[in-house]
Each structure stands twice: as C-alpha cells, then as structure tokens.
1. Based on this model, can you work out whether F60 counts as open to solvent by 20 Å² or more (accessible area, probe 1.4 Å), in contact with a helix residue (DSSP H, G or I) (Cβ under 6 Å, 6 or more places away or on another chain), closer than 23 Å to D236 by Cβ and at pLDDT 95 or above?
2. Condition check: at pLDDT below 95 and of a type outside the set (D, E, K, R). Does A2 satisfy that?
3. Note down all Cβ pairs under 7 Å where the first residue falls in region 42-60 and is over 19 Å from S139 (Cα atoms), the second is aromatic (F, W, Y), and they're at least six residues apart or on different chains.
4. Filter region 231-252 down to the residues that are assigned to a loop (DSSP other than H, G, I, E, B) and either in contact (Cβ under 8 Å) with a residue 60 or more places away in the chain or touching a Gly at 6+ places or on another chain (Cβ under 9 Å) (or both) and list them by number.
5. Suppose the filter is over 14 Å from the mean Cα position of the chain (by Cα), free of Cβ contacts under 8 Å to residues at least 60 places away in the same chain, open to solvent by less than 10 Å² (accessible area, probe 1.4 Å) and over 25 Å from T201 (Cα atoms); does V105 pass it?
6. Going by what's in this entry, would K193 be described as surrounded by fewer than 19 Cβ atoms within 10 Å (Cβ to Cβ) and assigned to a helix (DSSP H, G or I)?
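The values are calculated or read from the model by the stated rules, or taken from the named source; none is laboratory data. Because the structure is a prediction, the values reported are computed rather than measured. Neighbour counts are summed over all protein chains in view; Cβ atoms, including those assigned to glycine, are modelled from backbone coordinates with ideal geometry. Protein only, heavy atoms only, side chains kept; ligands, DNA and RNA dropped before computing areas. Shrake-Rupley method; radii C 1.70, N 1.55, O 1.52, S 1.80 Å.
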Amino acid sequence: MASSWPQLLCLVLFTTCALAITPLDHHDRHEDPDADVIIEATKEKFEGLVEELDFVAVVFYTKNCKECDDALRELEYIDDDLDKYGIEMIKVNNVEVAAEHGVSVFPTLIFWRREVPILYEGKFDDREVFDWLIHHKNSYVKTLTDDNFERVTQAASGATTGDWFILFYEGSDKRCQKLMASWESVGARLDHKMNIAKVDTESNTELDERFAVETVPKIAFFRQGKMFIYNRKEFDTTSLVSFGGKWYKTVKPERVPRPIGR
C-alpha cells in the first residue's frame, strides 16, 4: 500500500534529525593514506626540526617490522590534519638515535614540545594519537631552581603546596636524557594528584649540595616535611607512577634538609 504524505513527511524529518545528531570525527580520515607519506628524517634533520619547531611528533621505527608498518600506515591518515595544529610529524629509522632517547621497542612515538619530550604509551590508532597529541602540547613538569625551590615547594616546612615528585638530573648525562620523555609521561599521568618537577643539578649547585646528589638520576617524593628516595632499578613510567602513588610508603622517610645557609 502506498505511503501517505504524512508518513513520508515523518520519515524525511526522522532521517534529517538522525543525521543532524550523528557525531562527526574531529578530523576527516583520508581514503588513501598513501597520499600522505610521513617525512623520513635523518639524525641531523630530526635534531634540527626539534630545535627549530615548537611541536614535533617523532615515530621511531625499523625496517622489516610489521608493527611499524601498521603504525605508520595508521598515522599517515592524520599527518596533514596535524599540520593545521602546528604539529610536524616525522619518522626516524635509526636505532642509535632511538637509543639516545631511551627507545628500545619499535614502533615508539615521542612528542617534542619546545624541545621537551613526552612518551606516547597508547595504541597506534589514528584518532587516539591525534587526540593525545592535541591535548599534550603543554608540559606537565615544573622546572625548579636554586632561586625558587623552597619558595615554590615549601619542602622543608612541611607545607602548603602539596606533594612533590622531583627528578634531580644532569642535562649532559645520557641516562638522564633517556629518562626525560618518561618523566613527562609521569607528569601527565599524575597531573592533578601531585606536583611533578625536575632540577638540573649542573646549573643548580646549591640544590645539588643540599640534597647530596652523588649520582643521577635521583628521584625523591616529598610529603609533609619528609622525603622518600626512589630506590628501584626500573625507570619506566609505570614503576615511577606506582612509587609516586603509593609505593613510596615502603621506603624509610628522611627529613628534608634545610636550605643551605639557613
């Protein structure tokens, strides 16, 4: 039996409303990812881009690696979309360069924000990576110095600025350089729960002396006038987050040393 005009009108209105409320992707997925090939970078080009640009997403990969091929193909869908947000995506096939930044598993994505790296730990899904990059353009780690440490943390007084999880490092130390991307990930995962910070002991000698930093990296959790020294051999993100979350309680607390000269 033929549909009546009222029935047809209702069907049209229903279809229109359904289309109107269907959520749209934050970016259009290209039909052919091969149309957008991620730029291959040498060691020199990679280092130059990180120094020159504000935001550089770097995929470390190797040849004859199916997981790498799958990840790169997925990320090629969003390469052009990231350009609109000022993010340059490149790929690096250099095991030695990867090792310098603590990368031993491939593929690995590290996002440099104004030369500060953060490690991506999610799935290589184009939408997940896109959202993560857009929402991690700012650093979660505060920089502390001889001049501002006590004023900002109030660590010795026990105080009012909350808990602090602090990395003492040397900027020229290779082990510390490998740790920086993971430390930023710690900051992202513990954001809103505590303060995450770093101290370069090479340029902040008073703090180096005050906290007796004999070897780096040295990591300490500060809470209510006490400090708990990280004593594990593992420096992966999960181990560090676990220590800051609750495992610091298994370590004997030490009294926070007073500022030098006070």
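1. no
2. Considered against the rule, which asks whether it is at pLDDT below 95 and of a type outside the set (D, E, K, R), A2 comes out as yes.
3. Close Cβ pairs satisfying both conditions: F60/F106.
4. Answer for region 231-252, where residues must be assigned to a loop (DSSP other than H, G, I, E, B) and either in contact (Cβ under 8 Å) with a residue 60 or more places away in the chain or touching a Gly at 6+ places or on another chain (Cβ under 9 Å) (or both): just F235.
5. No, not satisfied.
6. Taking the combined requirement at face value, the residue does not satisfy it.
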